[in-house]
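Scroll down for the structure; my scribbles are underneath it.
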Amino acid sequence: MAVSEDALAKVRAIRDEAIALGWTEAEILGTCGGLRFPCGDGWGLVCFVQPRDSIARVRADYIEFGDGAKRAMRFYRRGVQQPWNRVHESLEVGPKLWPQEMEDRVKRWAEARREAARSGRGGKKRRRKS
């Protein structure tokens, strides 16, 4: 992909700061995505910055850029936890996601199914082919 010299110079100006925050060279200067632009993970920040843009903020999770008047964009870093995919601290992860009463209902239901299968009452009735 052809990248303008202005965009390349702007991205190189923040390169050291971004690398200090954990960004990689490929995330910043990558220009060879495996999929059509802008899909995939090979397209770096330099592919999205326009000559009229300035880079406003560099953070560990995103880099913000835009023309200052109307347009502000964020280039989010892949592989870093973002606000939309965080698990809230109050959620319990693991086998105890349901309340105890729901767990008891499921156990009773499973026991009733086993009992019905043992006594021959459960399951679908099969029609004989004639």
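Values for this structure:
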quantity: Tally, over region 78-88, of residues that are among the hydrophobic types (A, V, I, L, M, F, W, C) and either modelled with pLDDT under 75 or assigned to a helix (DSSP H, G or I) (or both); calculated: 2
quantity: Qualifying residue in region 92-101 (condition: part of a helix (DSSP H, G or I), modelled with pLDDT under 85 and over 21 Å from the mean Cα position of the chain (by Cα)); calculated: yes
quantity: Verdict on Arg105 being under 30 Å from Glu5 (Cα atoms), under 35 Å from the mean Cα position of the chain (by Cα), at pLDDT 70 or above and of a type in the set (Lys, Arg); calculated: no
quantity: Number of positions in region 43-77 that are assigned to a loop (DSSP other than H, G, I, E, B), in contact with a helix residue (DSSP H, G or I) (Cβ under 7 Å, 6 or more places away or on another chain) and farther than 12 Å from Lys10 by Cα; calculated: 2
quantity: Residue, surrounded by the fewest Cβ atoms within 10 Å (Cβ to Cβ), within region 1-27, restricted to residues that are β-branched (Val, Ile, Thr) and in contact (Cβ under 8 Å) with a residue 24 or more places away in the chain; calculated: Val3
quantity: Arg57, sole failed condition from (1) in contact with a strand residue (DSSP E or B) (Cβ under 6 Å, 6 or more places away or on another chain); (2) exposed (fewer than 15 other Cβ atoms within 10 Å of the Cβ); (3) at pLDDT below 85; calculated: (3)
quantity: Subset tally (residues that are crowded, with 16+ Cβ neighbours inside 10 Å and under 17 Å from Lys70 (Cβ atoms)) for region 28-54; calculated: 3
quantity: Residues satisfying the stated conditions in region 1-42, i.e. among the hydrophobic types (A, V, I, L, M, F, W, C), outside any helix (DSSP H, G or I) and more than 20 Å from Ala60 (Cα to Cα); calculated: Met1, Ala2, Val3, Cys32, Leu35, Phe37, Cys39
quantity: Matching residues, region 42-63, being out of contact with any Lys or Arg (no Cβ under 6 Å at 6 or more places or on another chain) and charged (D, E, K, R); calculated: Arg52, Asp53, Arg57, Arg59
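The values are calculated or read from the model by the stated rules, or taken from the named source; none is laboratory data. Quick caveat, the model's predicted, so the values are computed rather than measured. Reconstructed Cβ throughout: ideal geometry from the backbone, glycine too, with neighbour counts over all protein chains shown.
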